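Trainee: This is the structure I have questions about; it appears just below.
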Amino acid sequence: MIELIQQYWQQYLCGTPAHPSGLVITLWLTVASLGLGFLLAVPLAVAKASTKRWLAVPVAIYTYVIRGTPLYVQLLLLYSGLYSLDAVRSTAFLNGFFRDAFNCTILAFTLNTAAYTTEIFAGAIKTTPRGEIEAARACGMSGLTLYRCIIMPSALRRALPAYSNEVILMLHATTLAATATVPDLLKVARNAASDYYLPFVAYGIAAVLYLCISFALIWLFRLAEHRWLAYLR
Amino acid sequence: MLAVLFALLVAASPYVLAKDWKVIRFGVDPSYPPFESKAADGSLVGFDIDLGNALCAKLNAKCVWVENDFDGMIPALQARKIDAVLSDMSVTEKRRQQIDFTDRTSFSPTRMVAKAGSNLQPTADSLRGKNIGVEQGTIQETYAKTYFEPKGANVVSYQNQDQVYADLKSGRLDASLQDEVQANFGFLKTPEAKGFEFCGPELNDTKILGSAAAIGLRKGDSDLKNALNKALAELLKDGTYRTIAKKYFDFNIYGD
């Protein structure tokens, strides 16, 4: 057990620039997909909550398809499925993008989390109290200003607790990355387990590390809720 | 009530049943034809499957095949989820420290596959900057990580062998490292492997690659080891082994 830790602690934790550790890859996957997913989700949520059907319906179809299929299948489809098509491989740009396992994984994770986040944010936008909007309109706000100053700040605040769940779930979902050969934390644990045949120790270390990240995320959201949902206290 | 439950549990526990070896649970990773794979109807087929069933027949035991990822085979054995590993597992020093092995069941070396005309060789210099695919937990993974990766090759591990060939075909991988016989029958002789061939010689390295494949057993199950060894010797003697081998190979898979 000591030998396993001695040989693998670097691969679990810090790694080298050429071979980043499992922890770094897992954190990077989580942050990148959540960041990109958030940027996608905000405009999509506005569209989804819109009363204009040509805006709302395409987004509804997107979230329906993504939320209706398992992330594992989406990842396999993007990683193995798309790249087996000649059309993809013969286009220089697509070939360059999909050849890299990391790109495929981030894309799959981003599309997935964006769909769930869109639903969370759209729900919050729709439940914005009528009074706030009427008051804003009475002050002469409309369109972009109304969204920027009144609806979005209020909706994103109210969405915080639900969004924090999505963030934790996304962290846990990154364990699928090893399917697409991305060497995340779980992959390092698998290596350690098959090298020393000590699965309890190897996966136990991974579990503790995931627990630490989850704990840090929960703590960050606590701080955020403390600050932005202060009116609920 | 509790006593009844306890009695049932004891009676149902594989440990008790397994003591007189009326049932032998073999662990197998069926992504490795012709040794083990799945037929279109979902049943297990291959050389190891036939050999295992023949061994069970000799021992008057019932064979139960348990599908397992290759890298989880030894933990599953130690956790008593299976009684033996019959999945073209090579005998190596490292594995010997954890588990016991029967006499050898087959012999086939490790060899690299790449695109025809790529001129790649299974050496660290030739593979610098290239992507090499291996299956997670195999001796080939250890070999590639020990000799190729430190010199700048990119070793990519897959959960099973099918995925290695899929990415070799799609061009994500420049080469793949695996059992020679498996590569020949499981990939190169199939129509989808057009344009691929063996590159370089068979690899020899008794420390990492070991010498031959055998059935993996828990240390301490010496009664099962003796029984399997005896049955294996009888199969070799009465020609059953040769009949099974002929179905899959056109050369001597047992080695010299």
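The values are calculated or read from the model by the stated rules, or taken from the named source; none is laboratory data. Quick caveat, the model's predicted, so the values are computed rather than measured. As a convention, Cβ positions derive from the backbone with ideal geometry for all residues, glycine included, and neighbour counts pool all protein chains shown. Please note that ligands, DNA and RNA were not included when accessible areas were found on the heavy atoms of the full protein model with its side chains. Shrake-Rupley method; radii C 1.70, N 1.55, O 1.52, S 1.80 Å.
Trainee: Of the conditions (1) away from chain A (no Cβ under 14 Å); (2) within 22 Å of B:Pro34 (Cβ to Cβ); (3) surrounded by fewer than 20 Cβ atoms within 10 Å (Cβ to Cβ), B:Phe187 clears all except one; give me its number.
Mentor: (3) is the only condition that B:Phe187 fails.
Trainee: If A:Leu176 satisfies every condition in (1) open to solvent by less than 20 Å² (accessible area, probe 1.4 Å); (2) in a helix (DSSP H, G or I) but one, which is the exception?
Mentor: Unmet condition: (1).
Trainee: Six or more apart or on different chains, Cβ under 7 Å: which pairs go from a residue in the stretch A:209-233 that's in contact (Cβ under 8 Å) with a residue 24 or more places away in the chain to one that's loosely packed, with under 15 Cβ neighbours inside 10 Å? Could you list them?
Mentor: A:Glu225/A:Pro161
Trainee: What do you reckon, is A:Thr63 of a type in the set (S, T, N, Q) and touching a residue at least 24 places away in the same chain (Cβ under 8 Å)?
Mentor: yes
Trainee: Would you be able to say whether some residue in the stretch B:180-196 is in a strand (DSSP E or B) and more than 21 Å from B:Thr102 (Cα to Cα)?
Mentor: yes
Trainee: Could you please find all residues in the stretch B:120-170 being open to solvent by 60 Å² or more (accessible area, probe 1.4 Å) and touching a residue at least 60 places away in the same chain (Cβ under 8 Å)?
Mentor: If the condition is that a residue be open to solvent by 60 Å² or more (accessible area, probe 1.4 Å) and touching a residue at least 60 places away in the same chain (Cβ under 8 Å), then B:Gln121, B:Thr123, B:Thr142, B:Thr146, B:Asp162 are the ones that fit.
Trainee: Out of the residues in the stretch B:26-52 that are part of a helix (DSSP H, G or I) and charged (D, E, K, R), state the one that is surrounded by the most Cβ atoms within 10 Å (Cβ to Cβ).
Mentor: B:Asp48
Trainee: Of all residues in the stretch B:228-240, which are assigned to a helix (DSSP H, G or I) and open to solvent by less than 30 Å² (accessible area, probe 1.4 Å)?
Mentor: B:Leu228, B:Asn229, B:Ala231, B:Leu232, B:Leu235
Trainee: Out of the residues in the stretch A:110-135 meeting the condition of being in contact (Cβ under 8 Å) with a residue 24 or more places away in the chain and among the aliphatic types (A, V, I, L, M), tell me which one is farthest from the other protein chains (Cβ to nearest Cβ).
Mentor: Filtering first and then ranking leaves A:Ile125.
Trainee: Give the residues of the stretch A:110-136 that are open to solvent by 20 Å² or more (accessible area, probe 1.4 Å), closer than 18 Å to A:Thr51 by Cα and under 14 Å from the mean Cα position of the chain (by Cα), sorted by residue number.
Mentor: Once the filter is applied, which keeps residues that are open to solvent by 20 Å² or more (accessible area, probe 1.4 Å), closer than 18 Å to A:Thr51 by Cα and under 14 Å from the mean Cα position of the chain (by Cα), the stretch A:110-136 yields A:Glu119, A:Ile120.
Trainee: Still on this structure: Please go through the stretch A:57-88 and give me each residue that is within 23 Å of the chain's Cα centre (by Cα), of a type in the set (A, V, I, L, M) and either within 14 Å of chain B (Cβ to nearest Cβ) or not in a helix (DSSP H, G or I) (or both), ordered by number.
Mentor: A:Leu75, A:Leu76, A:Leu77, A:Leu78, A:Leu82
Trainee: Something else about it: From the set of residues in the stretch A:192-202 that are surrounded by fewer than 23 Cβ atoms within 10 Å (Cβ to Cβ) and assigned to a helix (DSSP H, G or I), which is nearest to the other protein chains (Cβ to nearest Cβ)?
Mentor: The residue in question is A:Pro199.
Trainee: How many of the residues making up the stretch A:210-233 are surrounded by fewer than 14 Cβ atoms within 10 Å (Cβ to Cβ), in a helix (DSSP H, G or I) and over 19 Å from the mean Cα position of the chain (by Cα)?
Mentor: Matching residues across the stretch A:210-233 total 6.
Trainee: Which of the residues spanning the stretch B:109-168 are β-branched (Val, Ile, Thr) and either more than 12 Å from chain A (Cβ to nearest Cβ) or in a strand (DSSP E or B) (or both)?
Mentor: B:Thr110, B:Val113, B:Thr123, B:Ile132, B:Val134, B:Val155, B:Val156
Trainee: Here is a list of conditions, (1) more than 14 Å from chain B (Cβ to nearest Cβ); (2) of a type in the set (A, V, I, L, M, F, W, C); (3) surrounded by fewer than 17 Cβ atoms within 10 Å (Cβ to Cβ), and A:Ala206 meets all of them except one; can you say which number that is?
Mentor: Unmet for A:Ala206, out of (1) more than 14 Å from chain B (Cβ to nearest Cβ); (2) of a type in the set (A, V, I, L, M, F, W, C); (3) surrounded by fewer than 17 Cβ atoms within 10 Å (Cβ to Cβ): (3).
Trainee: From the list A:Thr91, A:Thr51, which one is over 22 Å from the mean Cα position of the chain (by Cα) and within 14 Å of chain B (Cβ to nearest Cβ)?
Mentor: A:Thr91
Trainee: Considering only the stretch A:110-131, state which residues are touching a helix residue (DSSP H, G or I) at 6+ places or on another chain (Cβ under 6 Å) and within 23 Å of A:Tyr231 (Cα to Cα).
Mentor: Residues satisfying the conditions are A:Ile120, A:Phe121, A:Ala122, A:Ala124, A:Ile125, A:Lys126, A:Thr128.
Trainee: Same structure, new question: Is there any pair with a first residue in the stretch B:53-65 that is assigned to a strand (DSSP E or B) and a second that is open to solvent by 50 Å² or more (accessible area, probe 1.4 Å) whose Cβ atoms are under 7 Å apart and which are 6 or more apart or on different chains, and what are they?
Mentor: Pairs found: B:Lys62/B:Lys22; B:Cys63/B:Asn53.
Trainee: For residues that are of a type in the set (Val, Ile, Thr) and more than 14 Å from chain B (Cβ to nearest Cβ), scanning just the stretch A:137-189, find the one that is farthest from the chain's Cα centre (by Cα).
Mentor: The residue in question is A:Thr145.
Trainee: Test each condition in (1) part of a helix (DSSP H, G or I); (2) of a type outside the set (Phe, Trp, Tyr); (3) more than 14 Å from chain B (Cβ to nearest Cβ); (4) surrounded by fewer than 18 Cβ atoms within 10 Å (Cβ to Cβ) for A:Leu107 and report the one that comes out false.
Mentor: (4)
Trainee: Could you figure out which of (1) modelled with pLDDT under 95; (2) at negative phi isn't true of A:Gly143?
Mentor: A:Gly143 satisfies every listed condition except (2).
Residue-by-condition table, conditions (1) free of Cβ contacts under 8 Å to residues at least 12 places away in the same chain; (2) open to solvent by 30 Å² or more (accessible area, probe 1.4 Å):
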residue: A:Thr145; (1), (2): yes, yes
residue: A:Arg148; (1), (2): yes, yes
residue: A:Pro153; (1), (2): yes, yes
residue: A:Arg158; (1), (2): no, yes
residue: A:Ala180; (1), (2): no, no
